[in-house]
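Notes follow once the structure below has been shown.
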C-alpha cells in the first residue's frame, strides 16, 4: 500500500510543481510586469525551490559526447553491447579521424566499470566514466529499474548478479580487462572473479575495488548497523512492496527506490537542508555557477530505481548478516566462493578516510581473502579527506584517485602492444 500512496503523492504534487516552475519563470522574465514586483528575486527563488522539491526525477543520461584523449578531442558514442532483462552492458566507444590518435586509442587498456545497484542509476558514475575515457576503453553495467522489468522475466538475486558480471567479463574478454567495482558490487565482483578462477577460466588482469563492504564487520556504519539489528523477516515485511499496475513490472516485489532515497537523506538531513538553503540564496544572488552545480547533483541524486526484492534480501543476508564472503561460507548456485583461488589478477583497494557508507577496513579486507595473489601485485590506497562519493566523483577522484588507478592498470597491463606495422583505418574507433 505504501508504494501506491507514494504514487498518489507524486501525482498530487506534479500540478503544484509545474505551477511553481511557471511562477518562478514569471518573476524573472524581464518582459513580464511581475518581475517588477519588489522582492521578485526572492519570490522567483522560492518558487524554483518548490518546483525542484516536488518534481519527479527521471533517469538522467550519461551525456558524454566527447573527451580529451591523447591530446585530441575524441567523439564518444554510447552503445549497448549485451542486453539482459535487468542490465545492459554499455560501451563508450571513442572515435577519431586522426591517424596517430587512433593508434594511441587502440593501445589503451580495457576497463569494465561495475556500477552499484543500490538505489541510484549507473549515471551516478558519469564523472568516473568521463575521466577513465581519457586513457581507457570503457564499459559499464547499466542496471535497469526493476519496476520496468516484466514479472515474466523472473526474479533477480545476488547469484544472478554474479552470473551477469561473469557473462560481461567473458563478452569483453578477461585477459586484457581491468574491472573497477564501486561500492556495493565489490562483493559480487570478487565472487564472480573467484568463481572464474576456481573453474580454471581466464581472469581479468586486475580488479580495483572502491569503497565496498567486503567485510561489513569492520568499522560498521549506520547502513551496517541497520542490517545487523533488524532480522531478515523484518526487512521482508517492512520494506518490500509490489510494483503498482501503471508500470511494466506490475506485481513484481521490489525494494522501492524512494525508500532508499529517504534513507540516504535521513543519514545527513542537515547537509541536505543546508544545500537547499544555499541553492535558494544563490538563486537570489544570481550565482549561476553554484546553482547549476546544485541542479546537476540533485538531478542525479534524486533519480532512483527499484531493486528486485530477491536481490535486496539476498544482499542483506549474505553481506550484512551472515558475512558469508569473509567467513568463507558464500555459495553461488551451489559453488563455494574461494577468493584464495585468484592468482593471476592484481588487486587494488581504495577507501575514503571519511566514508560513512563503507567503513574503514571493509574494502581492504579483500587482501586477507585473496591470499593467492602475490604481495607485489596488491596495493591499497586511502583517500585523505574523502567521503564515500569523493572516491569516484569530484576533485579528489580526478586529482588523487584516478592517477593511482591509471598507474596501477598500466603496471599490470598484460596485453601485448599491437604491431604498428599494420596501417590503421582512417575512420578508427576505440
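Once both labels are modelled 7 Å past Cα along the beta-carbon direction, what's the residue 58-residue 384 spacing in nm? Label-label distance for residue 58 and residue 384, simple model: 4.5 nm. Here the Gaussian network model covers the chain, with springs between Cα atoms less than 10 Å apart; of 109, 245, 188, 245 fluctuates the most. Per-residue Cβ neighbour counts within 10 Å put 59, 343 in the sequence 343, 59, beginning with the fewest. For region 1-129, relative contact order (Cα pairs under 8 Å, six or more residues apart, normalised by length) works out to 16 percent.
As a length-normalised measure over Cα pairs under 8 Å and 6 or more apart, the relative contact order of region 106-179 settles at 47 percent. Once the Cβ-Cβ distance of residue 340 and residue 100 is raised to the sixth power relative to R0 = 41 Å, the FRET efficiency obtained is 0.40.
Ordering 151-163, 321-333 by mean Cβ neighbour count within 10 Å, with the highest value first, yields 151-163, 321-333. For the chain, the direction-averaged projected area of the alpha-carbon convex hull comes to 23.2 nm². Between helix 288-301 and the chain there is an angle of about 60 degrees, using the helix long axis and the longest principal axis of the Cα atoms. Take region 21-125, drop everything but the C-alpha atoms, weight them equally and run the Debye formula without solvent; then report log10 I(q)/I(0) at 0.12, 0.19, 0.21 Å⁻¹ to two decimals. Cα-only, vacuum Debye calculation for region 21-125: -0.69, -0.96, -1.09. The relative contact order of the chain comes to 20 percent, based on Cα pairs under 8 Å that sit 6 or more residues apart. By the gyration tensor of its Cα atoms, with a ≥ b ≥ c the square roots of the eigenvalues, what is the shape of region 204-331: rounded for a/c under 1.5, prolate for a/b over b/c, or oblate? Prolate is the answer for region 204-331, as a/c is 1.5 or above and a/b outweighs b/c. Angle check, please: helix 40-54 long axis (alpha carbons) against the longest principal axis of the chain (alpha carbons), in degrees 0 to 90, nearest 10. With both axes taken from Cα atoms, the answer is about 50 degrees. Extension gain, residue 356 to residue 152: 0.36 nm times the residue separation minus the Cα-Cα distance gives 69.7 nm. Using the average count of surrounding beta-carbon atoms within 10 Å as a protection proxy, the listed peptides 270-277, 403-410 rank, highest first, as 403-410, 270-277.
Relative to the dominant Cα principal axis of the chain, helix 186-198 is inclined by about 20°. Each peptide among 38-50, 308-320 gets the average number of other Cβ atoms lying within 10 Å of its residues, and from highest to lowest they stand as 308-320, 38-50. Pairwise Cα separations in region 312-389 fall into 10 Å bins from 0 onward with the following percentages, short to long: 17, 39, 37, 7, 0.
Each listed q (0.13, 0.14, 0.17, 0.25 Å⁻¹) maps to a log10 I(q)/I(0) for region 75-172, found by the Debye formula over equal Cα scatterers with no solvent: -0.50, -0.57, -0.79, -1.42. As a proxy for reagent exposure, ranking 207, 36 by other Cβ atoms within 10 Å from fewest up yields 36, 207. A Förster radius of 30 Å, combined with the Cβ-Cβ distance separating residue 399 from residue 265, puts the computed FRET efficiency at roughly 0.60.
Values in this text are rule-based calculations from the coordinates and carry no lab data. Computed from a predicted structure; not experimentally measured. Heads up, the Cβs are rebuilt from the backbone with ideal geometry, glycines too, and the neighbour counts pull from every protein chain shown.
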